[in-house]
Each structure stands twice: as C-alpha cells, then as structure tokens.
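S.K.: Sharing a structure, written as structure tokens. Questions coming.
The values are calculated or read from the model by the stated rules, or taken from the named source; none is laboratory data. These numbers come from a predicted model, not from an experiment. Positions of Cβ are generated from backbone atoms using ideal geometry, with glycine treated the same way; all protein chains shown enter the neighbour counts. The protein model used for the area step is the full one, side chains on, heavy atoms only, and it has no ligands, DNA or RNA in it. Shrake-Rupley method; radii C 1.70, N 1.55, O 1.52, S 1.80 Å.
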Amino acid sequence: MSGAALGLEIVFVFFLALFLLHRYGDFKKQHRLVIIATLLAWYLCFLIVFILPLDVSTTIYNRCKLAVNSSPAESNGSYVTLAPSKQKCFKPWSYIPNGIMPIFWRVVYWTSQFLTWILLPFMQSYARSGGFSITGKIKTALIENAIYYGTYLLIFGAFLIYVAVNPNFNLQWNQLQTIGIAAANTWGLFLLVLLLGYGLVEIPRSHWNGAKRGYLLMKTYFKAAKLMTEKADAEENLEDIMEEVRKVSESIKYNHPLRKCVDTILKKCPTEYQERMGRNMDDYEDFDERQNSYPSEKSLVKLHKQVIYSVQRHRRTQVQWQILLEQAFYLEDVAKNETSATRQFVHTFRSQEPENKIIQYFYTPTVEWYWECLLRPWFYRVLAVVLATFSVIVVWSECTFFSTKPVLSLFAVFIQLAEKTYNYIYIEMACFLTIFFLSICVYSTVFRIRVFNYYYLASHHQTDAYSLLFSGMLFCRLTPPLCLNFLGLTHMDATISHKNTQPTAYTSIMGSMRVLSFIADGFYIYYPMLVVILCIATYFSLGTRCLNLLGFQQFMGDSEMTSDLIDEGKELIKREKRKRQRQEEGENRRREWKERYGNRDDSTRNRVVHTDQKESSFSETSISRPLSKYTRSNGRTERDRIELLQDAEPLDFNADSINDDPLELDSGR
C-alpha cells in the first residue's frame, strides 16, 4: 500500500476539481486556456488539503523511528520494538516513502505561486480584453499588468539593494526564499482570517435557517425582487449596446478595412440581434473614404469588450431567474404539502427535465413527502448543531494554540492522544476533518462573496472567465497559510510547539520562519485571535447592516425596505406562476385537439384536395354549407382553437376586453 493512498487521492481530487469547474464554468464557450489554468489552480489547492493528513501520519511514524534509533531496540518484521518499554511503531497503511513528499510539496507550492502571482493576473487581463487578435490581447494585458508587476519588482529591488548595502545582513539564497514565502503567507493569512471569521458563523446559521421554510420562502421573494431589477438593467444595457453595434454595422460597409472587426463583434451578439441587423444591412453600398464618421479601431475594441460583458451578464440573469423561479415554486409546494392528509408530495408543475426511472422507483411521492416535510428540517438542525460545535472548537483553538504548557488547543490534544498509541487511522481522520472544515469555511466564503459585477461565481455554467481566474488566484493565495494555520493548531509546526522534532515535509519547504522573528513570534501567533471579533460581528450581522445603510439592499427581517422587496417579489412569483399555468393549459388543449380532431382534419383536407376542378363552383357551394353548419354546431371547438392562437394575457388583464363571439373575431381579421 506504499504510495497507493497518495495516487488514489491525486486522481480523486482531480475529478472533484473538474466537477466543480464544470458546474461553474462553461467548457464549450470559454477559452481552453482559461479552463486549464483555473482547473490547475483549483486542483493544486484541493490537492494540498487532501494530501496534508498523509504527511502528518508519515511524519509521526518517522519521529517514532528516530526515537527508536536513539535507544536500544529490536527489529521485528514490519515494526520496530523499543527495548525498554516494548512499544511498537507500526507503519501506517498510507505511508509515503522518504524523499517523495518534499519533492511533491515543492512542485505543488511553487506551481501554485507562479499561477497566482504571474500567470493568472495576466490571463485575467487577456480574457477581458476586447482585442481582435492574439497580439492585441497580449499587448493590452501587458499594459494593464505593468503597474501590477512593476510594484512587486520595485519592492523586491529596493529590498535587495538594502541587503547588499547594509553590512549587518548576510542573507543567503535560502533565507531570501524564506522571506519571499513569509511575505506571501502573511498576505494570505490576513485575508484568511477575514474569510474564516465569516464562514465559522454563517455556515452553521445558514443550515439552521434552512430548516425554516417560511424564512427560506421570504428570502427567495427578496432575491426575486432584486434579481428582477438586475435582470431589467441587464436587458436595458444589452439593448443600448446592440443599438451601438447596429449603428457601427450600418456605417462600416463590406469593403471597409475594419469590416472584419465588425463581423467579429456581430458573432458575439445574440442570434435574434444578428438576424435583425442582417435584414437592415445593405452590403452593396461602398464606403466613402472622404467621410470622417467612421469609428476607430480603438473604439471597436472598447465596443467588443462591452458586447462580451453585456451578453454574458444578460445570459446569466436569464438563467438565474429561471432557477430562482423553480426554487420559489418548490418552497411554495412544500408549504402546501405540509398540511396534506394523504402524505404524498404533489408538485404544482411537472419537472421540465426527464427524471431517472431508478430515482422515480425509490423516491416515490410518499417518500418525498416524509423527507421534504418531516425529516429534512430535523436533519438540517442536527447538522447545524454539529457545525456550530466545530466552529466553537476552531475559535477556542485559534485563541490558545500558542500555549504549549499546558496544551489548550483541542485539535493538538486530539492529535497527541492518538500519537501516543500510533493510531494512524484516527490521526488521518482527525486531521482531514479539521482541515476540511477550515477549507469549507474559507472556500465557501470565496464562492459566496460578490464584488458588484466584476467578481461573481454563478453556478449552472454562468461564471465568466475573469471571475474563474480570480477565484483561482484567491485559492492559491489562501491555501498555503491555511495549511500552516492547521499545522499550528495541531502543534505539528516546530515554530509553535518549540520542540526539536522532525518537521513535516510541508513545513520543511517553507523554511525556518526564525529569519523574520517579528512575523514568526508575533503576527502568526496573535493575528488569528482576531477571528473572535470577526465571528461576533458576523453573528450580529454588522456587515449586512452597514451595507444596508450605504444603500445596498440586504435581507434583514426588521427593515422596512426588506418588507417592501418581499411583497414585490411575491407578486412577481405569482405573475410568473400564472404565466406558467396558462402555458401548461395551452399545451394540454393542443394535445387534446390533436387527439380528438387530428384525423378528422386530415380526411377533410384530403377530400378538398382531390375534388374535381371542373365542378369547382358547385363544390364550393356544396362544401360551404356543411362547413358553416359544422362551425355553428361546434362553436366551442372553434373557441378553443382561437384561444390556442392567442398570446399570453398582458399584466393589466381586463376580462371585459375579450370578445366572447369567435365569429366576430374572424370577421375582424
């Protein structure tokens, strides 16, 4: 089994990262380099989280071997026995041979740092560029990142000059490397504590509120009102941009040198706008070089960038609106079915996606009712209590992990108790659960935060390239300090435990932080205590209240603005529900019409076609009578046909405006 666990986790983590990226990104429409770079960044960060427990168990076994070699011992097969105490050092099932982990961590760490500080920022500018060629996009990306890269080079150059001039400093390459790592980890730890303080409170609270159906329904109404405003703004913005594209397309003719750029812009427009512009364009008219009203290439690049952004935003709001409608309909169905006497879950609308037959066989309406209306709320409450317990343990350990005598960090206590008995399964499970919970608190916050429309991770393949690359940058910068913080909580870091023991392979590549004692003994130890203040602020929703005061509408139960948006969202959901019901009723009428009168219409049509043309005058008079008789006797059927041809009713519906006589409608046409 030597190295098998490492290989299995490498494969598993790859498919996990691929699954998440497929959920948020769009493999068909986004550039391959964007997908590959984001996948590599996510994969490396998740890999560090999953492999680190194996490094801990291997390090504990190596410490045991060092202790055995320093005392009289006897070799016995697969384990070593201490002579004085007869204690056994079993080899863990996931043991990784010496020399593999340092190389592995060095490749993973420096690759992630290259991605987050050099490649991904460049690709962000490249993805958002409106250039029409690869050279143009690269030039734009270099110009935008000149200040970004120049700042780092200036700071690093000033530091090297100071070290070279000052005779008191005699730093070697390894020490310079350690200083660079410490600087990157300090920046990451600063952001890590902010995100961790939010996630430790918000994750348990969101699961606890998930058991409250009324709370979820009110919050969905609130989201519907906000999303409708954003959706209308996106549609208006798209209309304005498409109007500019239309003017440019009409002014630049087919033989203009910039026509290829215009065609590239048109390809990025929605299909209906392309057809509309194609009908209104006259390509046979030559352009006049004496005119000065033609746009420049620079303005076309700017317009191209605006088109990409507006189309992506419009598509995202449309998809999110449909998802939110399904969620609202589902919550309303749950509220109705809670009082059902038959204890069978009844949906208002049929599912638009075909369901799996196996799921339909086991997940019957009765099972669905018991899960949705009875078991699921209790499951969320129990899960919220477990997560809240973990959060309390993390906060306590963050405030006390620097204490070694006595050991106050609960995670360190758990690991040391398992280390005495060399229970490697328990050690790996405890380490994995700890770092997994920390990662969930941090990474989920990255997925939730939204910086206006510049950074927003939207599921169902609606995340743009800029946000995907930015998330990869955040993951690569947050994961190394997260792992160091975990090793500090468990006292596996010699800088925290103050013990002269063998460090983990991950700590060894970071170098000794004693080069910068004020960071190792000060910032790394006392700054994580700030998580207590952040948790208190999150619990009382201070950030939400501040955003609400600044004019950014947030969901707050005691706010008048929230109540107004809830009422507005409720009316929007009702309107969409009536619209969906009319669509289903129309489909049912069409289906019934085809089943009842489909064959009869075909036979009548065949009789009319095969009628003798020489007797046309007689046949017209003879056929018109029975047809008129059939129409009068089947007025109800004709009325159904007219209703099927009508469009959906407007918002301001007035029943008096509908004419009850279908014959008058025909005469009007």
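S.K.: Take the solvent-accessible surface of the protein heavy atoms, probe 1.4 Å, and return the percent of it on region 538-600 that carbon and sulfur atoms account for.
M.R.: Within region 538-600, the accessible surface is 48 percent carbon and sulfur.
S.K.: Give me the 1.4 Å probe accessible area per residue for region 291-370, excluding ligands and nucleic acids, in Å².
M.R.: Computed with neighbouring chains in place, this is 65 Å² per residue.
S.K.: May I ask for the net charge around LEU52, where only other residues with Cβ less than 14 Å from the Cβ of LEU52 are counted and Lys, Arg are +1 while Asp, Glu are -1?
M.R.: Around LEU52, the charge tally is -4.
S.K.: Ordered by residue, what ³J(HN,Hα) values in Hz, to whole numbers, does region 211-223 give under the Karplus form 6.51 cos²θ - 1.76 cosθ + 1.60, where θ = phi - 60° and Gly and Pro are x?
M.R.: Using θ = phi - 60°, the values come out as 7, 9, 5, x, 5, 5, 5, 5, 5, 5, 4, 4, 5 Hz.
S.K.: Per residue, how much space in cubic angstrom lies within the convex hull of the C-alpha atoms of region 127-223?
M.R.: Measuring per residue, one finds 204 Å³ for the Cα hull of region 127-223.
S.K.: Quick one: what do you get for region 383-445 if you divide its Cα Rg by 2.2 N^0.38 Å?
M.R.: So region 383-445 has a normalised radius of gyration of 1.18.
S.K.: Moving to a separate point now. Let me have the relative contact order for region 433-588, percent, based on Cα pairs under 8 Å that are six or more residues apart.
M.R.: Contact order relative to length: 9 percent.
S.K.: Take the cross-link list LYS226/LYS302; LYS212/LYS570; LYS29/LYS137; LYS267/LYS302 and give me the ones stretching past 25 Å between alpha-carbons.
M.R.: Check vs 25 Å cut-off fails for LYS226/LYS302.
S.K.: Looking only at Cα atoms, what is the convex hull volume of region 536-579 per residue, in Å³?
M.R.: About 75 Å³ per residue, rounded to a whole number.
S.K.: In whole Hz and in residue order, list the ³J(HN,Hα) couplings for region 123-133 that follow from phi through the Karplus curve 6.51 cos²θ - 1.76 cosθ + 1.60, θ = phi - 60°; x for Gly and Pro.
M.R.: Those phi angles translate into 5, 4, 5, 5, 5, 8, 5, x, x, 9, 9 Hz.
S.K.: When ranked by the protection proxy of mean other Cβ atoms within 10 Å per residue, highest first, what sequence do the peptides 486-499, 337-350, 380-393 form?
M.R.: The peptides rank, most packed first, as 486-499, 380-393, 337-350.
S.K.: Here's another thing I want to ask about it. Report relative contact order for region 360-429 in percent, whole number only (criteria: Cα-Cα under 8 Å, sequence separation at least 6).
M.R.: Relative contact order comes out at 14 percent.
S.K.: Here's a follow-up. Can you order the peptides 135-147, 417-429, 40-52 by their average number of other Cβ atoms within 10 Å per residue, highest first?
M.R.: Going from most to least packed, we get 40-52, 417-429, 135-147.
S.K.: Ignoring ligands, DNA and RNA, what percent of the 1.4 Å accessible area of region 437-483 is carbon and sulfur?
M.R.: Ligands and nucleic acids excluded, carbon and sulfur give 64 percent.
S.K.: Quick one: accessible area per residue over region 106-203, 1.4 Å probe, rounded to a whole number of Å²?
M.R.: Using a 1.4 Å probe on heavy atoms only, each residue of region 106-203 averages 55 Å².
S.K.: Given H placed 1.01 Å from N in the peptide plane, which residues other than close sequence neighbours of PHE90 have an amide H under 5 Å from its amide H?
M.R.: none
S.K.: Also, quick follow-up: Beta carbons within 10 angstrom, averaged per residue: use that to sort the peptides 458-468, 564-574, highest first.
M.R.: 458-468, 564-574
S.K.: Using a 1.4 Å probe on the protein heavy atoms, what percent of the accessible area of region 169-210 belongs to carbon and sulfur?
M.R.: Ligands and nucleic acids excluded, carbon and sulfur reach 64 percent.
S.K.: Can you give the accessible area per residue of region 387-499, in Å², using a 1.4 Å probe?
M.R.: Accessible area per residue: 37 Å².
S.K.: State whether region 342-400 is rounded, prolate or oblate according to the following rule on the C-alpha gyration tensor (a ≥ b ≥ c being the square roots of its eigenvalues): a/c under 1.5 gives rounded; otherwise a/b larger than b/c gives prolate, and the remaining case gives oblate.
M.R.: It comes out prolate by the Cα gyration axes.
S.K.: Quick one: which of LYS28/LYS577; LYS231/LYS594; LYS28/LYS305; LYS219/LYS336; LYS219/LYS357 span more than 29 angstrom between C-alpha atoms?
M.R.: Table pairs above 29 Å Cα-Cα are LYS28/LYS577; LYS231/LYS594; LYS219/LYS357.
S.K.: Quick one: which residues, 5 or more positions from CYS269 or on another chain, have an amide H under 5 Å from its amide H? H modelled 1.01 Å from N in the peptide plane, none for Pro or chain starts.
M.R.: Distant-sequence amide H within range of CYS269: zero hits.
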